[in-house]
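These notes are about the structure you will find just below.
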Amino acid sequence: MKKLVVMLTAVLVMVLALALVSARLTGSTTKADSKTLTIYNWGDYIDPTLITKFEKQYGYRVIYQTFDSNEAMLTKIQQGGTSFDLIVPSDYMISKMRDEHLLLPINAKNVPNLKNIDSRFLNLSFDPNNHYSVPYFWGTVGIVYNPKMLGGSKITSWNDLWDKKYKNQILLVDSAREIVGMGLNSLHYSLNDTNKKHLEQTLQKLKKLKPNIKAIVGDENKLLLPRREAAIGVLWSGDAVEIMDENPELTYVIPKEGSNVWFDNMAIPKGATNKKGAEQFINFMLDPKNAAKNAEYVGYATPNRAAMRYLPKEIKDDKRFYPDKKLTDRLEVYENFSKPVNARINELFLEFKMSH
Amino acid sequence: MTKKLTNTYLIPYVLWIGLFVIAPLAMVLYYSFFDIQGHFSFENYVRFFTPIYLRMTVSSIGYACLITFFTLLIAYPTAYLLTKMKNRRLWLMLIILPTWINVLLKAYAFIGLLSTYGPVDTLLALSGIGRKQILFTGFSFVFVSVYLFIPFMILPIYNSLEKLNNSFVEAAYDLGASAWATFRRVIFPLTLEGVKSGVQAVFIPALSLFMLTRLIAGNRVITLGTAIEEHFLVTQDWGMGATIAVFLILAMIVVMALMGKGWLKRW
């Protein structure tokens, strides 16, 4: 009995001590302090040396936290209680958050480096006049494949994937919007088509692809494709860069029927305690040299025109990852779907996964 | 005095049960009555009985049965052998040891082992059987799940085998029972409680496995757990996610009723 009491007291004391320590830690990190800047970004999505450089230059202490999906980030911001000063949502999420009044406008006067951004990436449909966001990186959805494993065949379109000779050779990314979008595009419909009949047709078409699909996976594709687990992968351009770095046999193509072009953007969420610092950071990241350094580290395409000068030739001239305007004009940005449409798309994707 | 003391001792238990068992269950039930627009409705329950979710349920239950069956098939003889070993504690320790490692890490290790050109594949090729696709099949899913669940089946069976009074076994032999008859009529019935707890400990988590369906089965196997994950994280359709969870809880009650010590039968 006595032992039990002693043990319980010990546990209680420990819990209290831990609570105290954690309260101090979080207290010091989330304190509304004009000398700290809290950034909430995707994992491994910035060159860490740039953060150090920014801290030295502006005298801020940067707290860097990460998320792994737009929806997870949204939930955290919606629930409040956090004091993020800068976030990096994707295109459709910017318009969603703007509509829900979760973003603060960016004062363009404080971000003179905005002039460095290529005009084709400004004033896009999800944020007219860039009131709330500044593009950070952009990329596409496409096909990475290993010509050697396919006996030299070339893939140029989504419809090529339906070829019977690619039986059990394709890894798809486990993301409803991308795969349903691929189906819609293969039928020459828009990515943002929500017509019931067209979606039903898409499901039937996707089901026919099933024999060619080896697996539907997440980030594991970056591990599996370089190791030749399968010859073909449908994924985001940035992942393709990483895969091709590891195994140069592979190449990347943006299918000719069209595809998705996406943008991740810097924005300031409601509840930010250091708006000035956030704007300074945006301006800092738009500096050509910094943007180039970041692009080289991350591997995605930078929208910063002035930064191109500082990028190695083999990166900036690679049409696969820096497609020209003629090609990007054929690509579409995701529109923000309403919740019921989003649910329908996901159910469709589930149905596709379960089909044989 | 004693009564008062017992009541004080009850406080942590009641708090725990209330906060971490009853309240979450009530919330799951509550959420299940709201459609995606946030209106009160029974729509989710209607949706559950559409072919997609019914097929998912059938496939989840089928795979959970397979996993439980093979786990039992391996765990029972192993537990029996354990009771006959000299260094039982050491062997038991070795069986428990893998559970200290995170499931995701083990799953990633299996991706490496079972992938094309991986060690297992190479071994098959060298042995003349030829390369076979192992990763991303129903087989690999069951295999890895069985591997993960075996310790949870061995332990309860081992415990009841330990408690088994050996004189019953000896008596059976003395009365002329064959080894098989002894096992079937004496040993197995007397250790049934252990088997039941083992089956519960495996079947219920197996119903809602979700990371393995992607990592090991490449989404070729879809369980109810996969759908719950998607509804909560991607679609943000918490109502539907909660509804599926309600059905999982119902399935759990059924299993406990079938396997339990009769506490449900008394109701």
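Couple of notes before you dig in:
- Karplus-derived 3J(HN,Hα), 6.51/-1.76/1.60, for each residue of region A:77-91, Hz, glycine and proline x: 5, 4, 6, x, x, 10, 10, 6, 9, 8, 10, 10, x, 7, 3
- Evaluated at q = 0.12, 0.15, 0.20 Å⁻¹: base-10 log I(q)/I(0), Debye formula over Cα of region A:249-356: -0.67, -0.92, -1.13
- Per residue, the solvent-accessible area of region A:275-356 (1.4 Å probe, heavy atoms of protein chains only, all protein chains present) comes to 47 Å².
- Separation of the B:PHE49 and A:LYS115 label points, Cα + 7 Å toward Cβ, nm: 6.8
- The residues of region B:53-259 expose on average 50 square angstrom of accessible surface per residue, using a 1.4 Å probe on protein heavy atoms.
- Derived value for region A:188-235: Kirkwood hydrodynamic radius 12.8 Å. Basis is the mean of 1/r over every pair of different alpha-carbon atoms.
- Charge dipole of chain A about the Cα centre (unit charges at C-beta), most positive-ward option of A:VAL173, A:VAL261, A:SER157: A:VAL173
- Inter-chain shielding of A:72-78 (mean C-beta neighbours from other protein chains, 10 Å cut-off): 1
- Placing +1 on the Cβ of every Lys and Arg and -1 on the Cβ of every Asp and Glu, with nothing else charged, gives region B:53-259 a dipole about its Cα centre of roughly 420 debye.
- Expressed as a whole percent, the accessible surface of the protein assembly as shown that belongs to carbon and sulfur atoms is 64, based on a 1.4 Å probe.
- Cβ-derived FRET efficiency at R0 51 Å, B:LEU5 paired with B:LEU25, nearest 0.05: 0.95
- Positive-end extreme of charge dipole, region A:247-356 - chosen from A:PRO248, A:PRO312, A:PHE284 (charges on Cβ): A:PHE284
- Ordering B:ALA181, B:PHE232, B:LEU97 by the projection of their Cα atoms onto the charge dipole of region B:53-259, which places +1 on the Cβ of Lys and Arg and -1 on the Cβ of Asp and Glu, puts B:ALA181 at the extreme positive end.
- For the chain pair A and B, the interface hides roughly 2900 square angstrom of accessible area in total, found with a 1.4 Å probe.
- Gyration tensor (alpha-carbon) shape descriptor, region B:158-241, a/c threshold 1.5: prolate
- DSSP-assigned coil residues among GluC sites (Glu not before Pro) in region B:172-267, each with at most 15 further Cβ atoms within 10 Å: none
- Across peptide B:154-167, the average count of Cβ atoms from other chains found within 10 Å of a residue's Cβ is 0.
- Surface/4 estimate of mean projected area, convex hull on alpha-carbon atoms of region A:83-240, nm²: 12.0
- Residues A:GLU242 and B:ASN102, FRET efficiency given R0 of 22 Å [Cβ-Cβ distance, rounded to 0.05]: 0.35
- For region A:9-143, Kirkwood radius (reciprocal of mean inverse C-alpha pair distance, Å): 17.4
- Relative to the compact-globule estimate of 2.2 N^0.38 Å, the Cα radius of gyration of chain A comes out at 1.11.
- Rg ratio (alpha-carbon, reference 2.2 N^0.38 Å) - region B:53-259: 1.19
- DSSP-defined antiparallel bridges as percent of all bridges, the protein assembly as shown, nearest 5: 55
- Mean sequence separation of contacting Cα pairs (under 8 Å, at least six apart), scaled by the length of chain B, corresponds to a relative contact order of 28 percent.
- Whole-Hz ³J(HN,Hα) from phi, Karplus 6.51 cos²θ - 1.76 cosθ + 1.60, for region B:146-163, glycine and proline x: 4, 4, 5, 8, 3, x, 6, 8, 4, 4, x, 5, 4, 4, 6, 5, 4, 6
- Peptides B:8-14, A:242-248, B:135-141, A:83-89 ordered by average Cβ neighbours within 10 Å, highest first: A:83-89, B:135-141, A:242-248, B:8-14
- Rounded to the nearest Hz, the phi-derived 3J(HN,Hα) couplings of region B:49-54 under the Karplus curve 6.51 cos²θ - 1.76 cosθ + 1.60 (θ = phi - 60°) are 8, 8, x, 4, 6, 5, where x marks glycine and proline.
- Each listed q (0.10 Å⁻¹) maps to a log10 I(q)/I(0) for region A:177-314, found by the Debye formula over equal Cα scatterers with no solvent: -0.51.
- The reciprocal of the average 1/r between distinct C-alpha atoms defines the Kirkwood hydrodynamic radius, which for the protein assembly as shown equals 28.2 Å.
- Taking N as its residue count, the alpha carbon Rg of region B:65-129 over 2.2 N^0.38 Å: 1.48
- Proximity of backbone amide H atoms, modeled 1.01 Å from N, is registered between A:ASN168 and A:ASN212, A:ILE213 at under 5 Å, excluding neighbours fewer than 5 places apart on the same chain.
- Between B:ALA177 and B:LYS132, the simple spin-label model (points 7 angstrom out along Cα→Cβ) gives 3.8 nm.
- Chain A - charge dipole about Cα centre, Lys and Arg +1 at Cβ, Asp and Glu -1, debye rounded to 20: 240
- Cβ-placed point charges (K, R +1; D, E -1), dipole of the protein assembly as shown about Cα centre in debye, nearest 20: 1260
- For residues of A:331-343, the mean tally of beta carbons on other chains within 10 Å: 2
- q = 0.21, 0.24, 0.32 Å⁻¹: log10 I(q)/I(0) that the Debye formula gives for region A:132-180, counting C-alpha atoms only: -0.88, -1.06, -1.41
- Counting all C-alpha pairs of region B:1-130, share separated by more than 19 Å (%): 79
- Efficiency of FRET between B:PHE40 and A:LYS339 - r from beta-carbon atoms, R0 22 angstrom, step 0.05: 0.85
The values are calculated or read from the model by the stated rules, or taken from the named source; none is laboratory data. Bear in mind that the values here come from a model prediction, so they are computed numbers and not experimental data. With ideal geometry, Cβ positions are generated from the backbone for all residues, glycine too; neighbour counts draw on all protein chains shown. The accessibility values were calculated without ligands, DNA or RNA, using every heavy atom of the protein model including side chains. Shrake-Rupley method; radii C 1.70, N 1.55, O 1.52, S 1.80 Å.
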